[in-house]
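Chemist: Encoded as structure tokens, here's the structure I'll be asking about.
What follows draws every value from the coordinates through simple rules; no lab data is involved. Keep in mind it's a predicted model, so treat the numbers as computed, not measured. As a convention, Cβ positions derive from the backbone with ideal geometry for all residues, glycine included, and neighbour counts pool all protein chains shown.
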Amino acid sequence: MCINREYITFFLLLSFVSLLTVGCVKKPVAPSSSSLFLQIDQDAIGKEIERLENIVTRSPQPDASISHYYLDLALLYCHYNNNAPQYPRSMEMLDTYLDVSDKNNITSDVYGLKLLLEKINEPSEDIQALKKNNRLLNTIGVGWVLLLFVLTSIFGLEMPQAAVKKYEYEQKDKAERGELPAPKTREGIAI
């Protein structure tokens with residue numbers, strides 16, 4: 001039984017290629033701390049925030065040795081599983097992390113998170129307008145809203161929708177408490 005030289009050459013070449021490709025295979029790595037944050041539950045978030053805040057407050061001033069705690073706190077404060085996210089506090093922790101960390105070790109993910117938090121924390125014009133209208137409605141009271149409703153009905157003007165909704169809500173609330181009969185509605189406007 002004679003083994004052909006071509007088979008031996010093929011076998012040696014195949015062995016050599018397989019040895020080379022083993023070095024290209026990625027080694028399994030332990031999960032990073034950021035991937036552990038994806039698995040944290042609601043109850044553990046509050047406890048972890050408290051633990052990390054204690055560590056951070058014990059330090060007289062922020063420094064690079066505890067910088068990773070600031071990043072962890074920033075992630076926890078804005079975590080999707082957090083019952084009461086605190087985006088301004090998250091931004092504060094992230095800024096502290098960026099100030100004390102080595103700039104060469106900061107990833108683009110951190111800068112992306114910073115941009116997202118800045119966008120979340122900036123009040124939009126719509127929200128500002130809604131808050132202004134809400135303050136106005138709270139100061140003028142229901143009596144004025146009713147007067148405005150009557151005047152707009154007489155003159156055929158359109159009443160601001162927010163005032164109508166507030167009036168309807170208050171009438172419905174009074175009706176549920178038994179103070180008024182249930183309001184009749186037509187096309188979303190109390191009559």
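Chemist: Between their Cα atoms, which of LYS119/LYS165; LYS132/LYS165; LYS47/LYS131; LYS131/LYS166 are more than 23 Å away from each other?
Modeler: Checking Cα-Cα distances, LYS119/LYS165; LYS47/LYS131 exceed 23 Å.
Chemist: ALA129 to SER65: FRET efficiency via 1/(1 + (r/R0)^6), r the Cβ-Cβ distance, R0 35 Å, to the nearest 0.05?
Modeler: Efficiency at R0 = 35 Å is approximately 0.15.
Chemist: Another one. For LEU116 and LEU147, what is the calculated FRET efficiency with R₀ set at 45 Å and r taken between the beta-carbons, to the nearest 0.05?
Modeler: 0.50
Chemist: OK, next. At VAL56 and ASP99, where each label point lies 7 Å from the Cα along Cα→Cβ, what is the point-to-point distance in nanometres?
Modeler: For the pair VAL56/ASP99, the computed spacing is 1.2 nm.
Chemist: Do any chymotrypsin sites (Phe, Trp or Tyr not before Pro) in region 55-100 lie in a loop, going by DSSP, with at most 13 other beta-carbon atoms within 10 Å of their beta carbon, and if so which?
Modeler: Passing both the DSSP loop test and the Cβ count: TYR80.
Chemist: Using r as the Cβ-Cβ distance of ALA44 and GLU179, and R0 as 45 Å, what FRET efficiency do you calculate, to the nearest 0.05?
Modeler: Using R0 = 45 Å, I get an efficiency of 0.45.
Chemist: Find how much the distance from ASN4 to ARG89 grows on full extension, using 0.36 nm per residue of separation minus their present alpha carbon separation; answer in nm with one decimal.
Modeler: 23.2 nm
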